[in-house]
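Computed from the coordinates by the stated procedures, all read-outs in this text should not be read as laboratory data. Nothing here was measured: the structure is a model prediction, and the numbers come from that model. Cβ placement follows ideal geometry from the backbone for every residue including glycine, while neighbour counts extend to all protein chains displayed.
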Amino acid sequence: MTTIVILAIDGALPSALMGINDVMALSGLNFVQKSEDSDSGKVDWNPTVILANHNGKPIADGHGRRFKVDSDLDSIDHCDAILVPGFIPNGEGCPPHIMTNSKTQSWLSARHQKGALVCGSCSGVFALGEAGILNGRRCTTTWWLHDELKQRFPKANAQWASELIDDNGVITAGGPLSWVTITLYIVKQLAGAETAKVVADFSVVDAIPKSQNLYVPEGYQTSKNPFLAKAEYAIRKAHYQMMSAKDLSKVMAVSERTLNRRLKELTGETPKAFIDGVRISHACTLLITTSKSVKEIAFSLGYSDDSVFRRLFKQKMKMTPSNYQQLKKQ
């Protein structure tokens, strides 16, 4: 029997609390399973979903409404996965400064050590940080919370605007609706890729997470730091020119080592990844504001081989340049 725990904490996003439960329930319905296995009509997947918190008492969601829970944490002998929904942000757009108590933190850490998959969506990732689970691990959160995550949990290896990261069973995703992403991911991990695809089809959602870079306002990162602004300007200015980490370090008047260190601190990326990211962002603008071909755009951005550009674009944006162009011009 597969057991899924949804961690219920005061201030939680109500759509995520109930939405995770709904998607999990849908995944176990007979008509969904028959769609997956037309021969036998049976799939060994009927998860038990438990809404739980430290004391088993009702919580107040982020809008102040009361939610009953199914169990306290101590009553759960075993679980295969724990999902932590996001929270309604405060006036500054940040999650609560303290989200979990010591009992919840200890329980999360212990369950992770026993092999349970531990997942955080959006600001729910911060609860994993409070439990020490993010220390030394790659993780992500919603793009506007990236700096806050790094500040609160400096031992975490926070990655800018990634759609989903699984670092040895610690699974994080960004966006207020990323609870859909982590829920489908858990179904895939525990019930198989085909079950996850069928559930996504019945839920009318995309089973493949989209890059957060599709939604980040242009210049958001660089506007917050002069070093990044200068680096991005230098990259954008280098029309039709290849640019390496060495080239950028010369323009920035720093050593390659210093460039690498500063970019790692500010973005979590290597110089090459940062250069490619800026150029792909520029390409997105060109794709929807000009009539240039993909090949012309690739060449103007310093890529001598447009196939390399296409591969990098698809890797970062999770779609081809042509698909992006069609999506944004609709």
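Shown is the FRET efficiency for A25 and S322, computed with R0 = 51 Å from the Cβ-Cβ distance and rounded to the nearest 0.05: 0.85.
Express the Stokes-Einstein translational diffusion coefficient of the stretch 1-157 in µm² s⁻¹, to the nearest whole number, given a Kirkwood radius over alpha-carbon pairs, 37 °C and a viscosity of 0.692 mPa s. Don't skip to the answer; put the middle values down first.
Details: Rh = 16.4 Å.
The diffusion coefficient I find is 200 µm²/s.
Think of the chain as having a plus end and a minus end, set by charges on the Cβ of Lys, Arg, Asp and Glu; of S322, G115, F67, S322 sits farthest toward the positive end of this dipole.
Taking the Cα centre as origin and putting +1 on Lys and Arg beta-carbons and -1 on Asp and Glu beta-carbons, what dipole magnitude results for the chain, to the nearest 20 debye? Could you put the intermediate results ahead of the total?
Values: 38 positive and 32 negative charges, 277 e Å.
Charge dipole, the chain, about its Cα centre: 1340 debye, nearest 20.
Beta bridges from DSSP with both residues in the stretch 3-212: antiparallel share about 30 percent, rounded to the nearest 5. Around the Cα centre of the stretch 217-329, unit charges on the Cβ atoms of Lys, Arg, Asp and Glu (plus for the first two, minus for the last two) sum to a dipole of about 140 debye.
In deg cm²/dmol and to the nearest 500, what is the mean residue ellipticity at 222 nm of the chain if only DSSP H runs of at least 4 residues count, each as -39500 (n - 2.57), divided by the residue total?
On the way: 14 runs with 150 residues, N = 330.
Estimated from H runs of four or more residues: -13500 deg cm²/dmol.
Here's the picture: charge each Lys and Arg Cβ at +1 and each Asp and Glu Cβ at -1 in the chain, and of S203, P226, L263 the one pushed furthest to the positive end of that dipole is P226.
Neighbour counts of other C-beta atoms within 10 Å: give me C119, C94 arranged from fewest to most. It would help to have the intermediate numbers written out before the result.
Details: C119 32, C94 18.
Fewest to most other Cβ atoms nearby, the residues stand as C94, C119.
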